[in-house]
Each structure stands twice: as C-alpha cells, then as structure tokens.
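The values are calculated or read from the model by the stated rules, or taken from the named source; none is laboratory data. As the structure is a computational prediction, the values presented were derived from the model and not from experiment. For neighbour counting, all protein chains shown are included, and Cβ atoms are generated from backbone atoms with ideal geometry for every residue, glycine included.
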Amino acid sequence: MECISVFDMLKIGIGPSSSHTLGPWRAAERFISELKELHLFDQVEGISVDLYGSLSLTGKGHATDLAVMLGLCGDDPETVDISKIADRIEAIKLQNSLKLNNEKDIVFRPSEAIIYNREFLPFHANGLKFHAQLTKEKYSSTFYSIGGGFVVKEERTVDAENKLLKKEFPYPIDKAVQLLAYCRSENASISEIVYANELSLRDTDEIDKEFDKIWYTMLECMYIGCHTEGSLPGGLNVRRRAFDMHQKLIGESRYSDPQEWLDTIRLTEVKFRQILKWVSCFALAVNEVNASLGRVVTAPTNGSAGVIPAVLMYYMVIENHEANFDHVKQFLLVAGEIGSIFKKGATISAAMGGCQAEIGVSSAMAAAGLCEVMGGSPEQVMIAAEIAMEHHLGLTCDPVGGLVQVPCIERNSMGALKAINAAELALETNPLNIKVPLDQVVDTMWETAQFMNTKYKETSEGGLAVRVSLSDC
C-alpha cells in the first residue's frame, strides 16, 4: 500500500505545470543521480532528451524544455531565483552548453538536444528519455511524469525522490471507506488520523514548519498575483484579471506585506456578490502567477493550484476571522489525504484523465478541507469531496496553444466556487441518506478517464485548443 504524505500532494514548485514542468525538472535531477550512482557523471560529454506523448505535444507551452535544462543545471524548483531563469536559459542557448549539476560543462544545443516525439510510450502519456553521451559509450534512462510532480520509472511504485515510503503508516489508506473506518474506530476526525500518519514520518516541529512554508507560499502567490498587472507570456496575450478585480475590491486600503494584506481583507466589509468576486480573484491570482513561471504550491497540480488557496482564504476572510495556523493545518491535512485517495484510485494527471483529474480533484480536496474546518463530520467531509468531483466528471483538458491559460485559469475559479458549494451542501446532508460513496466516484472518474478520447487529454488536439488559434489572439 502506497503511503503518500500530505507534503507529497502539496509541493512547492515552479509553474506552469506540475506534470510538464516540475515532473521533467525532477526527472532531470534523478537522471543526474543515476549517473553519479553508476560512476558515469565524470564521463558525460553531452546530453539529449526525447519527449513523448503529451510532453511533446504541449511541452513548449508548458515550458518542459526550460524545466529539463534547469534540472540538468542542478537548480531546485523550490529555491531557484525566478528572476534569473530567463537569463540562465538564454545563456545556455547562446553558448550551446550547460554546467551539468552546476559542476561540469557539457555540450548542449537546445534546438538539437531536446527532441519532440509525437508518439506515446506505453506506460504513461508523459514519457521522457535522457541520453548521456559518455567518453566511449551512451547511457539512457526513461522516466514518466505521472502528475502532481510525481516521477516514476517503468512501474507504478513508491518513488523515493518524492518521499513516498514503502513503510506502512499506522493508518494505511487506499480508499475512503478505510479512512472512515479509522475515524469511527478511533473516534477521531479525518485530520487527526492523517496527522497521526504524518507523525510516523517526522516530528511535530517539522510538520508545522512544512505547513507554514506551504501556507506562506500560497498566501504570497495570491498576493503577487493580485498586485501584478499586464499580460501573460506565451503568445495568447491574455490580460491578467486578478489585478483589476483586486483593485476594485480592496479600494484605498494600505498594507505592506502578504500578512498585513490578509488582515486588511478580514477587516473589509464583504457583501454577498463580493464573496464570489474575492474567491475568483484569489484563484485567478494564483494561476496567473503559475502561468508566468512563478512559484506555486501544486495542489495537487500546478494547473489546479488556485483552488485550494482560494477556498482556504475564503474560510479565513469570510467564514472565520479568528482562523489561525491550526485551522490552516487542519484544512490541508484533510485536503492532502483526499488528493492521495484520488491519486491511488485514479489519477491526478490531465494527460491521463483530462481536467477532471486536476480541477476535479483539487475541488474535491478543497471541499473536504473546508467541510471539516466548518464542523463537518468525517462522513460529511467525504460527501463534500464526492459532490465536488461528481460535478467535474468528464471535464476535458484542451489548453489553447498548449499553454496553461485558456481555459485553465478560469477553471480554477469555477473549481473553487464549486468546492464551497459542495461543502455547504454536505453540511446540510444526513450521511444516512448518502447515495454515492466517494470511492464509487473515484472509480467512475478513472473509468471515464480510460474511455476519454486522447484528444481531450492535454494534447491540444481537441476542444478549444483546435477552435481557438494563436493567430486569433
């Protein structure tokens, strides 16, 4: 049974895509580790990379080429200086070389070294193969970016790079019904069961430190998005909307940092119509930052990164002005566990399941987290997640121009609003009257994914992606 930590479901990374940017970045890092483990690193003279399937079809729009280069350079997506990325990439292109793991200069001509193959590898839609030209021979290794920044080899196993552990949690969970059983037998909330599992991996201080880092990254991302105007890169000329929406909502208020901004919003009198606007503003802000190669939290993916922060902010600035770090931690513990259930039972990769696997899962995660912090029972939390996903089933992934902009950014706003609605409905639902258990929705989502036409799985070969062209913009 896979023991997936909450911190594997909620990772800090660079946009615009967890599967097409963060995953290939981590794969490049793992390739370097393999070279070192096999004592081949010092023999490397050049490297090339084959991209397959969805990574090839939408890789340029998702900055897969940039991610591969930065990963080979040894930069870390959690800490890299975003302001220097463009210069670093430009230097590689001009010099036709890069410093492998920031240690060894090698030949690398991006236009020749990164090969886009339209065919799909059999294991997963997001495949990439690294080739190292050594002094006397060649070494190759294949990886698969399976969504949410998770990277595996040719089998779906526990991934040490992402800290998935083969050891068992005290409360191992594959399905929602198992989680509910633990809650009943231990007379505990979902967050308490999940927290007990996390304690088997790290101590309380480390858990708090990680949650604090995740929450601050979310808050900072919303702050940056709400205070940055202009158009998004990539050729679609999409104007940032969070800035204008925020200006109208915040008025003449004054503040100097993200925390003061949060406190200011809490003191603002919010009318009913403004609630919807605030939630949409928060979600748009995150995904506009994501589309600009900014730093976000995969939740569970980059393309759906705006849903959970927006719903959590809704709780803090609308529902409960006294909410504190403990509420944030409780919310994220529940959200992370719901995400892992979908990952184990279905997929969180749009290249495998369409956008239901990203926005649908993030909406279910957010609905579950919100339901618990608003006093919902474990059964009602499951109902909230089920409702949110049920109304995203079949959602396709059809990014225009291969960019995580249209329709992706708006879908985060819709997913956040659906999550809030799902939580409210669940709180008014008697669990005895439940008709569709969460596990059945997970199974249905995976079945839907398998029957969905490949054109609608992050290939930009169907839907809006072929109805709207870059020239129209």
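Structure values in brief
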quantity	calculated
Residue among Glu372, Glu322 that alone is over 20 Å from the mean Cα position of the chain (by Cα) and surrounded by 23 or more Cβ atoms within 10 Å (Cβ to Cβ)	Glu372
Count - residues of the stretch 83-104 that are touching a strand residue (DSSP E or B) at 6+ places or on another chain (Cβ under 6 Å) and not charged (D, E, K, R)	3
Residues located in the stretch 377-394, provided they are part of a loop (DSSP other than H, G, I, E, B) and surrounded by fewer than 24 Cβ atoms within 10 Å (Cβ to Cβ)	Ser377, His391, Leu393, Gly394
Qualifying positions in the stretch 255-284 - in a loop (DSSP other than H, G, I, E, B) and either modelled with pLDDT under 95 or on the phi > 0 side of the Ramachandran plot (or both)	Thr268, Glu269, Val270, Lys271
Strands (runs of 3 or more DSSP E) wholly inside the stretch 103-147 containing at least 2 residues that are among the aromatic types (Phe, Trp, Tyr)	138-147
Residue check, Glu447 free of Cβ contacts under 8 Å to residues at least 12 places away in the same chain and among the acidic types (Asp, Glu)	yes
Residue check for Thr79: of a type in the set (S, T, N, Q) and either assigned by TED's automatic domain parsing to the domain that holds Asn290 or modelled with pLDDT under 95 (or both)	yes
Criterion violated by Gly230 - all others in (1) touching a strand residue (DSSP E or B) at 6+ places or on another chain (Cβ under 9 Å); (2) of a type outside the set (S, T, N, Q); (3) surrounded by 14 or more Cβ atoms within 10 Å (Cβ to Cβ) satisfied	(3)
Of residues in the stretch 67-99 being buried (at least 23 other Cβ atoms within 10 Å of the Cβ) and of a type in the set (A, V, I, L, M), the one nearest to the chain's Cα centre (by Cα)	Ala67
